[in-house]
Structure formats: C-alpha cells, structure tokens
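**Student:** Structure incoming, see below.
Only the coordinates and a few stated rules stand behind these numbers; no lab work does. Given the structure is predicted, the values throughout are model-derived calculations rather than measurements. Reconstructed Cβ throughout: ideal geometry from the backbone, glycine too, with neighbour counts over all protein chains shown.
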Amino acid sequence: MDWNRDKSVKLSKFCVLLFAALLAAVCLFAPELFRLLIRLRLWDQQVLLPLFLASTYTVAVPAAAALYGLWRLLKNISGGAVFVAENVAYLRLLSWCCIAAGLVCLASALYYMPFLLLSAAAAFVGLMLRVVKNAFAEAVNIKNENDYTI
Amino acid sequence: MPIVVNIDVMMARRKMSAGELAERVGITPANLSILKNNKAKAVRFSTLEALCRALDCKPADLLDYTEE
C-alpha cells in the first residue's frame, strides 16, 4: 500500500471515529441542546422536547449502524479486500441506514419542517449508496470471473 | 456448468503428473487444480493451446458438453 492510499484510509477511519464521538456526544447532551434551542425559539417545551428527543434517539440507531458499516468497510479496504461480497453487504447496510434515517426525519417534519430537508438529503445519499452498491456487486462478479479465468 | 474439463483423463492417458503439466503449460498448480475441479469460469485460448501441446491432444479431448 503506497503512502497516499494508506494515509487516505487512515484519515477516513479517523473521520468515522470522530463522527462516532459526535454521535455519542449528541446522544448524551441531546436533552440540554434541545432545551436550549426551545428556550431560544420560545417554543412549547412540554410538547416539543419529547418529540425532538424521540427523533434524535431513533435516528441514532441507523447512524450508529452506518458508522459500524463504514468502519468494517474501511477495515476490509485497508486489508486489501475491496471487491468482496462482504463489502457489498456493508454498502447495502449503509444505504438502508440512510433511508431509515430519512424516514424518521420525514416523520419528524410533521412537527418541525426543516427535518424535511434532512429527510431528502438522507434519502438521496441512501439512493447514491444503493447505486454504488450495485456497481460494487457487479465488480465482485467481474473479479470472480477474472480470478477463475485460467 | 455444462462444460466439463477432462484434463485428468488426458493426464492419466499421458501418465503426466499435475506438477509436470503445470510446469509445461506455464500455469500455477493452483490454477491447474481450478481447471481440473471444473471451478474455472473461462479458459484462455493461449492456455488451451499450451494444454493441447503439452498433452498432445485436441481441444475436444479436454472439453466436453453435458446437459444439466
């Protein structure tokens, strides 16, 4: 593995860890963060706080699963196993996690409209990952055929 | 796959070991094993030519088609 590729994968792994830490921090401090937001916007805390918390903790589940999938994917890539069926499965997991997060955000848009933007963004990323997954699955087939051409 | 590779039959007829055939053809014993065990997805013409030369046979002696 050359210097740039090695460093690039390490940087990606670092970013995944950073996002994992961010997710943990958001889960830990979500009540305080949303209380502050609600107080600043002068909204009704009794109604909105439980809804915001429910949305946050529900989205945290697919987010954590996506981070796990990314970590495993990067581990395989750094180990030289790129076009393998396992990576296709991880890409599928990532795609479904994005779509799940998009659905939760869509439901959350019922009480806070800006979640609609997040929902569209998450669904679009999920769609892109799905296309990448399809390309990866085809690449795995081509690699297998190439490996077994004598 | 309905295409069957009969290398082992020809090897037995020519009394040639797998190692010797792999060396003559210029492929690794592992790849020869893939061919012998019918796990290959494709065979290059150059490999087929080398196999025919090493085993002194025709492609039809090495490959067979059977209905699945």
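**Student:** Chain B: D in µm²/s via Stokes-Einstein (Kirkwood Rh, Cα pairs, 25 °C, 0.890 mPa s)?
**Tutor:** Rounded, D is 206 µm²/s.
**Student:** With θ set to phi - 60° and the Karplus curve 6.51 cos²θ - 1.76 cosθ + 1.60, what are the ³J(HN,Hα) couplings of region B:38-43 in order, to the nearest whole Hz, using x for Gly and Pro?
**Tutor:** Using θ = phi - 60°, the values come out as 6, 9, 5, 8, 7, 10 Hz.
**Student:** Below 9 angstrom from the Cβ of A:SER95, what's the summed charge of the other residues (Lys, Arg +1; Asp, Glu -1)?
**Tutor:** +3
**Student:** Just name one of A:ALA85, A:LEU51, A:ILE38: the one whose Cα is farthest towards the positive end of the charge dipole of chain A (beta-carbon charges, Lys/Arg +1, Asp/Glu -1).
**Tutor:** Toward the positive end, the furthest listed residue is A:ILE38.
**Student:** Can I ask one more? Suppose every K and R has +1 on its Cβ and every D and E has -1 on its Cβ; what is the size of the dipole of the protein assembly as shown about the Cα centre, in Debye to the nearest 20?
**Tutor:** With only Lys, Arg, Asp and Glu charged at Cβ, the dipole is about 540 debye.
**Student:** A follow-up question, please. For a quick check, take a GNM of chain B with Cα springs below 10 Å and name the residue from B:ALA18, B:ALA42, B:ALA50 with the largest mean-square fluctuation.
**Tutor:** B:ALA42
**Student:** Another question, if that's okay. Hey, which aspartates and glutamates would be in cross-link range of B:LYS58, C-alpha to C-alpha under 12 Å, not counting anything within fewer than 8 residues on its own chain?
**Tutor:** Counting by Cα, and skipping residues close in sequence, B:LYS58 has these aspartates and glutamates nearby: B:GLU49.
**Student:** In a shell of Cβ-Cβ distance under 15 Å around B:LYS58, excluding B:LYS58 itself, what net charge do Lys and Arg (+1) and Asp and Glu (-1) give?
**Tutor:** -1
**Student:** Short version: ³J(HN,Hα) in whole Hz for each residue of region A:4-16, in order, from phi by Karplus 6.51 cos²θ - 1.76 cosθ + 1.60 (θ = phi - 60°), x for Gly and Pro, what are they?
**Tutor:** Running phi through 6.51 cos²θ - 1.76 cosθ + 1.60 with θ = phi - 60° gives 5, 5, 4, 5, 4, 5, 5, 5, 4, 4, 4, 5, 4 Hz.
**Student:** In cubic angstrom, how much convex hull volume per residue do the alpha carbon atoms of region A:1-98 span?
**Tutor:** 100 Å³
**Student:** Near A:LYS13, which lysines are there with a Cα under 19 Å away, not counting those fewer than 8 places off in the same chain?
**Tutor:** Within the straight-line cut-off, A:LYS13 pairs with A:LYS75.
**Student:** While we're here: With charges set only on the Cβ (+1 for Lys and Arg, -1 for Asp and Glu), what does the dipole of chain B come to about its Cα centre, in debye to the nearest 20?
**Tutor:** 200 debye
**Student:** Of A:SER108, A:TYR68, A:SER119, which is farthest towards the positive pole of region A:3-147's charge dipole, taken about the Cα centre with +1 and -1 on the beta-carbons of Lys, Arg and Asp, Glu respectively?
**Tutor:** Final value for the positive-end residue is A:TYR68.
**Student:** Oh, and also: Which whole-number percent gives the relative contact order of region B:3-68, counting Cα pairs below 8 Å spaced six or more residues apart?
**Tutor:** 53 percent
**Student:** Further question on the same structure: Collect residues whose amide H, placed 1.01 Å from N in the peptide plane, falls under 5 Å from the amide H of B:LEU63; neighbours closer than 5 in sequence don't count.
**Tutor:** B:ASN6
**Student:** Given Cα pairs under 8 Å that are at least 6 residues apart, what percent is the relative contact order of region A:71-119?
**Tutor:** 25 percent
**Student:** Restricting to Cα pairs below 8 Å that are 6+ residues apart, what does the relative contact order work out to for chain A? Please round to a whole percent.
**Tutor:** 21 percent
**Student:** May I pose another question? Do any trypsin sites (Lys or Arg not before Pro) in region A:49-150 lie in a DSSP loop with no more than 13 other beta carbon atoms within 10 Å, and if so, which?
**Tutor:** none
**Student:** Rounded to the nearest angstrom and ordered from largest down, what semi-axes does the equivalent ellipsoid of the protein assembly as shown get from its C-alpha gyration tensor (root of 5λ)?
**Tutor:** 59, 18, 11
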